[in-house]
Amino acid sequence: MDLILFDVDGTLVDSQHTIVACMEAAFARHGLPIPDAAAVRHTVGLALAEGVARLLAQDPALAEVDPYAVAETYKEAYLARRTATPPPPKDPLYPGTQALLDRLLRQERLMGVATGKSNRGVSVFLETHGFHKHFVTHQTVDTAPGKPDPTMIRQAAAEAGTVPARVLMIGDTVYDMQMARAAGAMALGVDWGYHAPEALMAEGARAILKSWDDLDPYLT
């Protein structure tokens with residue numbers, strides 16, 4: 001494969017506590033019922049407003065609520081959390097992630113991220129974990145339509161000088177698998193994220209990684 005494209009939340013970093021806390025704060029500030037944490041996790045990977053819209057759609061009484069307004073409040077809650085004193089614990093990388101990315105960098109493998117985060121969110125991720133040198137392309141909802149639209153993979157392939165068929169997409173949600181399938185890329189799922197492995201296989205995952213040690217056979 002010419003390019004290894006990683007999802008971020010639920011694949012490289014376990015950010016569920018931050019995401020759930022900010023979503024709860026946003027809904028509370030608008031006087032809305034607090035969504036179930038599992039439902040929030042299931043929206044991870046989508047563009048923020050789309051994720052909010054899906055949560056609102058679970059309650060017909062919330063049909064008139066503007067998801068974009070709630071999404072903006074989520075962003076405010078996220079910024080407040082980041083700048084709090086003392087700061088909250090940083091979202092942890094999944095086991096083996098640092099070692100894997102460092103090894104692939106030493107091997108001069110081209111890597112990128114394709115995520116439902118904004119450019120600002122990706123910048124925070126890179127700064128927090130020291131990954132500025134690791135990724136040659138950053139695909140976000142500020143640069144492309146959200147998943148499962150295939151544009152992120154197509155743009156990433158073009159930036160890396162290759163084609164989608166030579167891209168390996170690794171993610172934890174059905175949105176990652178659907179995006180890869182639509183783009184004609186290979187998809188691998190991980191079993192430590194926010195969607196069930198069976199759902200990932202049903203949406204086109206070639207295989208499910210149980211740890212990063214399982215990755216190497218798919219890199220050729």
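The values are calculated or read from the model by the stated rules, or taken from the named source; none is laboratory data. Computed from a prediction, not measured in an experiment: that's the story for all the values here. Quick reminder, even Gly has a Cβ in these numbers, built from the backbone with ideal geometry, and neighbours come from all protein chains shown.
Structure summary
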| item | result |
| --- | --- |
| Residue check, GLU108 part of a loop (DSSP other than H, G, I, E, B), outside the structural domain of VAL163 (by TED's automatic domain parsing) and modelled with pLDDT of 95 or more | no |
| Residue match in the stretch 148-167 (condition: over 14 Å from the mean Cα position of the chain (by Cα), within 20 Å of TYR94 (Cα to Cα) and in contact (Cβ under 8 Å) with a residue 60 or more places away in the chain) | no |
| Meets criteria (modelled with pLDDT of 95 or more, touching a Leu at 6+ places or on another chain (Cβ under 7 Å) and either not assigned by TED's automatic domain parsing to the domain that holds LEU100 or not basic (Lys, Arg) (or both)) for LEU200 | no |
| Counted residues, the stretch 57-79 - those being in contact (Cβ under 8 Å) with a residue 12 or more places away in the chain and either in the same structural domain as ASP213 (by TED's automatic domain parsing) or under 19 Å from TYR194 (Cβ atoms) (or both) | 4 |
| Check on ARG181, under 25 Å from HIS42 (Cβ atoms) and modelled with pLDDT of 95 or more | yes |
| Answer from GLY51, GLY45, GLY121 - the residue that is crowded, with 16+ Cβ neighbours inside 10 Å, modelled with pLDDT under 95 and not assigned by TED's automatic domain parsing to the domain that holds HIS195 | GLY45 |
| Looking only at the stretch 91-104, and only at residues there that are surrounded by 13 or more Cβ atoms within 10 Å (Cβ to Cβ) and in contact with a strand residue (DSSP E or B) (Cβ under 9 Å, 6 or more places away or on another chain), the one that is farthest from ASP213 (Cα to Cα) | ASP91 |
| Top-ranked residue in the stretch 125-135 [being of a type outside the set (Gly, Ala, Ser) and out of contact with any helix residue (DSSP H, G or I) (no Cβ under 7 Å at 6 or more places or on another chain); ranked as surrounded by the fewest Cβ atoms within 10 Å (Cβ to Cβ)] | GLU127 |
| Residue count, the stretch 105-118 (criterion: in contact with a strand residue (DSSP E or B) (Cβ under 8 Å, 6 or more places away or on another chain) and surrounded by fewer than 18 Cβ atoms within 10 Å (Cβ to Cβ)) | 2 |
| Tally of residues being of a type in the set (Ser, Thr, Tyr), within 14 Å of ARG120 (Cβ to Cβ) and surrounded by 13 or more Cβ atoms within 10 Å (Cβ to Cβ) across the stretch 54-90 | 2 |
| Filter result for VAL174 (under 20 Å from PRO148 (Cβ atoms), buried (at least 19 other Cβ atoms within 10 Å of the Cβ), free of Cβ contacts under 8 Å to residues at least 60 places away in the same chain and of a type outside the set (Phe, Trp, Tyr)) | yes |
| Filtered residue count, the stretch 168-206, keeping only those that are under 25 Å from PRO92 (Cβ atoms) and assigned to a strand (DSSP E or B) | 8 |
| Matching residues, the stretch 163-190, being of a type in the set (S, T, N, Q) and touching a helix residue (DSSP H, G or I) at 6+ places or on another chain (Cβ under 9 Å) | THR173 |
| Options ALA84, ALA69: the member that is modelled with pLDDT of 95 or more and either of a type in the set (A, V, I, L, M) or assigned to a strand (DSSP E or B) (or both) | ALA69 |
